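Below is one structure, written out as structure tokens; comments come after it.
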Amino acid sequence: MSSPPSPSPTRWFKALRRTRLGEPCLKTYPLECVDLLKRARAAFQAGRTAKESFRLAQLEAVVRMLVEHECDFVDALGRDLHKPRFETVVSELILVKNEALHAINNLKKWMQPQRVERNLSTTLDECVVVSEPLGVVFIMGTWCSPVQLCLVPLVGAIAAGNCAVVSPSEHTSHTAELLHRLIPSYLDNECFHVILAGTNDLAEVVELKFDHVFFIGSREEGSRVAQAAARTLTPVTLILVGKNPCYVDQQCDITTTAQRIAWARFHNAGQSLVAPDYILCHVDVKARLVQALKCCLMQFYGFDPRESQSFGRMVNMEIFNRTKDMLWRSGKVAVGGQVIEAEKYIAPTILTEVVESDPIMQHEVFGPVLPILTINNVDEAIAFINKQEKPLCVYAYSSNSKVISRLMSETSSGSFCSNDSILQSLMVVLPFGGVGASGMGSYHGRCSFDTFSHRKSCLLRGTRFECVTYLRYPPYEDRNLSLMTWASTLSQKSQGWCQIL
């Protein structure tokens, strides 16, 4: 069924920009959001998204959209981020397609009620957990991976049977325009909508009262979104930017380590939620690691990365200036350091002689800058990591399994990966999310389905066997208590209790 298209995000963005510049402007988008929310809620309450066949059709439409418009996505991300086609296809489009195909292949199983263990008193009853959709959810992506960070959560919302309003980042306007144009052409127009709210206006949209809010972005923005959601008791999932440490042990393959770290840190010009933010290595390893990283950068991007078709640019002048200032005020440039303001270009840069108090270590880094700090042993590395806020990712490179085990068990983070970087965040079968300051909740695969579902406990009983259940009624007797205790206690292996109400 077709319906009038949603208002242009370009118009909203220009209106918001005029407002911030002090020009008179009637800010109408909250009212338009209210209308979209009403339409989505009406569609949900009518049961439009409930059937498995509807969900499958929408998921298949997502795959079809990505296949049929691959060139459009490559062009939009090239214009927004100077992102190479290879990176767009691998880290954006394939990831979303895999999520959608995984959901298609497993949806029937996910939707089935899950039976749970019963005790003697409920042997003849049916105890199940039913996954029911939450309703209308609000999904806010971010600009560093503007396709997958909008569409992967949307896949989960669709699979779980929800309606959704998606807000791509205003900073990647070409990609936002493309999503705004394509999603209504492929997905149900009553259930799924695209808006563009400015970063500072997200809290106002959240207060319109959705059934779940999914946000990916900075801690500051995430805090504002969470506070706005709390005012209407709306549950949230927050995937927040942090500083991801990378430990390089003395026992490791330096060449392979350098290649994998360099790829992870400098792809998309360092604009990634999950890239290694800084390296912790022994002083004896540093010189060899720096030299290996320098060789990798030459191999990846040539003598002048500015001329490479494989290296991107900063998304806007704000991010460019912020990264440039931190670069110039921290450590010593060992490799790179060149900047060209007119192109928003910052060369792949490695910093040495960095200390914990440097600006590059105090703030989130969205740029191609890799600081290296030296430590004396793995104990010192673990202590350093644990002294910081809990990160989204921890990386460890070592051929010593005991070292890897210690880093994994003695630090806390949203995810952990040994002897590689980023890949753990791309796997459909692994939940991905933060902990502590790096967020709450997770997504990907079955976990996305669960995030956008309410797991409802259901006990299905009949009215027979009152000759047994009468034991719970007053007047209470010790004999009845003994029988009730025996009947309601689970077996030793589960070590759980079930109370009869």
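Since every read-out is calculated from the coordinates, none of them should be taken as a lab result. Remember, it's a predicted structure, so these values are computed and weren't measured experimentally. So basically every Cβ, Gly included, is an ideal-geometry build from the backbone, and we count neighbours across all protein chains shown.
Here are some notes:
- Most to least packed among 329-337, 46-54, 238-246 [average Cβ atoms within 10 Å]: 238-246, 329-337, 46-54
- Residues in region 279-314 reached by a label modelled at Glu343 [backbone nitrogen below 14 Å; 7 Å Cα→Cβ]: 301-314
- Net charge, Asn268 excluded, C-beta distance under 12 Å - Lys, Arg +1, Asp, Glu -1: 0
- Compactness of the chain was expressed as the Cα radius of gyration divided by 2.2 N^0.38 Å, which yields 1.11.
- Full extension of the segment from Arg85 to Ser482, taken as 0.36 nm per residue of separation minus the current Cα-Cα distance, would add 135.9 nm.
- Inter-site label distance for Thr256 and Phe416 at 7 Å from Cα along Cβ, in nm: 2.0 nm
- Scoring 352-358, 252-258, 376-382 by mean Cβ neighbours within 10 Å over their residues and listing the highest first yields 252-258, 376-382, 352-358.
- The length gained on full extension between Glu220 and Met317, counted as 0.36 nm times the residue separation minus their Cα-Cα distance, comes to 33.0 nm.
- Contact order for the chain, expressed relative to its length and based on alpha carbon pairs under 8 Å spaced 6+ residues apart, stands at 17 percent.
- On Cα atoms only, tilt of 70-81 relative to the major axis of the chain in degrees: 60 degrees
- If a spin label sat at a point 7 angstrom from the Cα of Ala46 along the line to its beta carbon, the backbone N atoms of region 174-194 nearer than 14 Å would be those of 188-192.
- Ranking of Lys108, Lys344, Lys390 by count of other Cβ atoms within 10 Å, fewest first: Lys108, Lys390, Lys344
- Here the gap between Lys108 and Ala383, fully extended at 0.36 nm per residue and compared with their Cα-Cα distance, gives a gain of 94.4 nm.
- ³J(HN,Hα) computed for each position of region 341-352 - Karplus, 6.51 cos²θ - 1.76 cosθ + 1.60, integer Hz, glycine/proline x: 4, 4, 9, 6, 9, 10, 5, x, 10, 10, 10, 10
- Taking the average, over residues, of other Cβ atoms within 10 Å as the packing measure, peptides 473-483, 148-158, 359-369, 311-321 rank 148-158, 359-369, 311-321, 473-483 from highest down.
- Residue order, fewest to most beta carbons within 10 Å, for Lys109, Lys38: Lys109, Lys38
- Between helix 173-186 and the chain: long-axis angle, C-alpha atoms, 0 to 90°, nearest 10: 30 degrees
- Each label point was placed 7 Å from the Cα along the Cα-to-Cβ direction; for Thr463 and Asp72 their separation is 5.9 nm.
- Counting only aspartates and glutamates at least 8 places from Lys332 when in the same chain, those with an alpha carbon closer than 13 Å to its own are Glu353, Asp358.
- Estimated 222 nm signal from helices in the chain, with DSSP H stretches of n ≥ 4 weighted -39500 (n - 2.57), rounded to 500: -13000 deg cm²/dmol
- About the Cα centre, charge dipole magnitude for region 245-430 (Lys/Arg +1, Asp/Glu -1 at Cβ), debye: 180 debye
- Which of Thr232, Thr469, Thr451 has the fewest Cβ neighbours within 10 Å, and the rest in rising order: Thr232, Thr469, Thr451
- Among the listed pairs Lys243/Lys294; Lys51/Lys97; Lys209/Lys243; Lys243/Lys344; Lys243/Lys456; Lys51/Lys456, those with a Cα-Cα distance over 26 Å are Lys209/Lys243; Lys243/Lys456.
- Helix 401-410 axis, angle to the chain major axis (alpha carbon atoms, nearest 10°): 60 degrees
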